[in-house]
């Protein structure tokens, strides 16, 4: 089976974000997870083909049933043996799909609907872990379920982090500012302009540059799900991981695969991050990987090209694969990279600024400098929202090859 999900990542994350938005960290952890189970099951029961779901919470010697929803057809056990083989599998993998209900070491040993496939996730740390079990109906997809449950696990992990980790936003802002670049480096033959505006004190957007041997420049833009401190923590990890991998001159696909595995294992990060990274030569040749990011727009002599080749977002899947794409910036070409904060800027009617308005704006300003075009993009998006505060982090990078 491949690792590319059929579900579109960003709509899924928006759906999950609405569920996580109701989280109240002041409530007991068990109550939060019970409420989330009900809302998640109701929202994604049909697209994921879920038949039933339940939640168990860890006690000193076992796991106790906290909540059940859906059609099990049997009475669920009130407690689970903490050392049972099925739970050991879940501890090890954190997300596990028991495809064959008749096999040894499956939830059938726990008395949970032995005639159906089951999926499970574990969140939290011992001795306060919680296990979600999902009974699967016919038609379920390994790729879609694995992708979604890994996303949920990562998101819940970040939401349940001790409040002390979320404490000092000022210190986090200082750390982030020291890590991220403020200006683009000089690269002969090109103009580069960049800016990032955080919706909160710290943000989940970033751009970065990596000069290589004088005749090549690495450039990156990314967008961590959400904003604030959890997203900023993920930005730190991604930027550091990219820099370390590129310093060792590994191949792009390898760097992204390794970075994905590291982020997937993290329990203190946000939910996911979309990243575009490219290596630009002075000849205008661009080799890139787009890991689930809003496709950059390349305005060339023959029209506009979207740079889409790469793979899925970084974080949810433990074994995602990535592929290189190729593009050419001819003299006079313009490359515009941005995050959702620009395209999803809303007016008073609730309409998005959108990609088409951005394309029209760039076409009208093809003759201006990269810095002037950057100003025009932010000015247009800000005016579209009638000057209201930014609802999401907004980042733009403009690369213009000189005629």
Qualifying positions in the stretch 361-395 - in contact with a helix residue (DSSP H, G or I) (Cβ under 8 Å, 6 or more places away or on another chain) and without any contact (Cβ under 8 Å) to a residue 12 or more places away in the chain: 365, 368
What is the one condition in (1) under 18 Å from residue 272 (Cα atoms); (2) surrounded by fewer than 18 Cβ atoms within 10 Å (Cβ to Cβ) that residue 332 does not satisfy? (1)
Would you check which residues across the stretch 367-391 are touching a strand residue (DSSP E or B) at 6+ places or on another chain (Cβ under 7 Å), farther than 18 Å from residue 199 by Cα and surrounded by fewer than 17 Cβ atoms within 10 Å (Cβ to Cβ) and list them? 369, 371
Is there any pair linking a residue in the stretch 106-120 that is in the same structural domain as residue 48 (by TED's automatic domain parsing) and surrounded by fewer than 20 Cβ atoms within 10 Å (Cβ to Cβ) to one that is at pLDDT below 75 and outside any loop (DSSP other than H, G, I, E, B), with Cβ under 9 Å and at least six apart or on different chains, and which? 114/107; 114/108; 115/108
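Answer with yes or no whether residue 86 is in the same structural domain as residue 28 (by TED's automatic domain parsing) and surrounded by 20 or more Cβ atoms within 10 Å (Cβ to Cβ).
Numbers: in the same structural domain as residue 28 (by TED's automatic domain parsing): yes; surrounded by 20 or more Cβ atoms within 10 Å (Cβ to Cβ): yes.
So residue 86 passes the test.
Is it the case, given these coordinates, that residue 95 is modelled with pLDDT of 85 or more and out of contact with any helix residue (DSSP H, G or I) (no Cβ under 6 Å at 6 or more places or on another chain)?
Numbers: modelled with pLDDT of 85 or more: yes; out of contact with any helix residue (DSSP H, G or I) (no Cβ under 6 Å at 6 or more places or on another chain): no.
No, not satisfied.
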Quick test of your reading of the structure: residue 49 fulfils all but one of (1) out of contact with any helix residue (DSSP H, G or I) (no Cβ under 7 Å at 6 or more places or on another chain); (2) on the phi < 0 side of the Ramachandran plot; (3) modelled with pLDDT of 85 or more. Name the failing condition by number. (2)
Hits in the stretch 310-329 (condition: on the phi < 0 side of the Ramachandran plot and in a loop (DSSP other than H, G, I, E, B)): 312, 313, 316, 317, 318, 319, 320, 321, 322, 323, 324, 329
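Pick from 44, 55: which is touching a residue at least 60 places away in the same chain (Cβ under 8 Å) and in a helix (DSSP H, G or I)?
Numbers: 55 fails: in a helix (DSSP H, G or I).
Selected residue: 44, the only one of 44, 55 that is touching a residue at least 60 places away in the same chain (Cβ under 8 Å) and in a helix (DSSP H, G or I).
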I'm told residue 79 meets every condition in (1) at negative phi; (2) modelled with pLDDT of 85 or more; (3) buried (at least 16 other Cβ atoms within 10 Å of the Cβ) except one. Can you identify the failing condition by its number? (3)
Would you be able to tell me the number of residues in the stretch 288-318 that are closer than 24 Å to residue 188 by Cα, touching a residue at least 24 places away in the same chain (Cβ under 8 Å) and crowded, with 16+ Cβ neighbours inside 10 Å? 8
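Can you find a residue that is modelled with pLDDT of 75 or more and in a strand (DSSP E or B) anywhere in the stretch 109-119? It would help to see each step written out before you state the result.
At the first step, the residues of the stretch 109-119 found to be modelled with pLDDT of 75 or more are 116-119.
Filter once more, keeping what is in a strand (DSSP E or B): 118-119.
Scanning the stretch 109-119, I find at least one residue that is modelled with pLDDT of 75 or more and in a strand (DSSP E or B), so the answer is yes.
May I ask you to verify whether residue 301 is under 29 Å from residue 96 (Cα atoms) and either assigned by TED's automatic domain parsing to the domain that holds residue 185 or at pLDDT 90 or above (or both)?
Values: under 29 Å from residue 96 (Cα atoms): no; either assigned by TED's automatic domain parsing to the domain that holds residue 185 or at pLDDT 90 or above (or both): yes.
So residue 301 fails the test.
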Kindly evaluate residue 398 against the criterion of being surrounded by 18 or more Cβ atoms within 10 Å (Cβ to Cβ), in a strand (DSSP E or B) and in contact (Cβ under 8 Å) with a residue 24 or more places away in the chain. yes
Could you check the stretch 392-403 and list, in sequence order, the residues that are touching a strand residue (DSSP E or B) at 6+ places or on another chain (Cβ under 7 Å) and over 15 Å from residue 193 (Cβ atoms)? 393
Of 12, 65, 37, 7, which residue is modelled with pLDDT of 80 or more, surrounded by 13 or more Cβ atoms within 10 Å (Cβ to Cβ) and within 26 Å of residue 144 (Cα to Cα)? 37
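Take the conditions in contact with a helix residue (DSSP H, G or I) (Cβ under 6 Å, 6 or more places away or on another chain) and free of Cβ contacts under 8 Å to residues at least 60 places away in the same chain and apply them to residue 85. Does it pass?
Numbers: in contact with a helix residue (DSSP H, G or I) (Cβ under 6 Å, 6 or more places away or on another chain): no; free of Cβ contacts under 8 Å to residues at least 60 places away in the same chain: yes.
Spelling it out, it is not the case that residue 85 is in contact with a helix residue (DSSP H, G or I) (Cβ under 6 Å, 6 or more places away or on another chain) and free of Cβ contacts under 8 Å to residues at least 60 places away in the same chain.
The values are calculated or read from the model by the stated rules, or taken from the named source; none is laboratory data. Because the structure is a prediction, the values reported are computed rather than measured. Here Cβ is always computed from backbone atoms with ideal geometry, including for glycine, and neighbour counts include all displayed protein chains.
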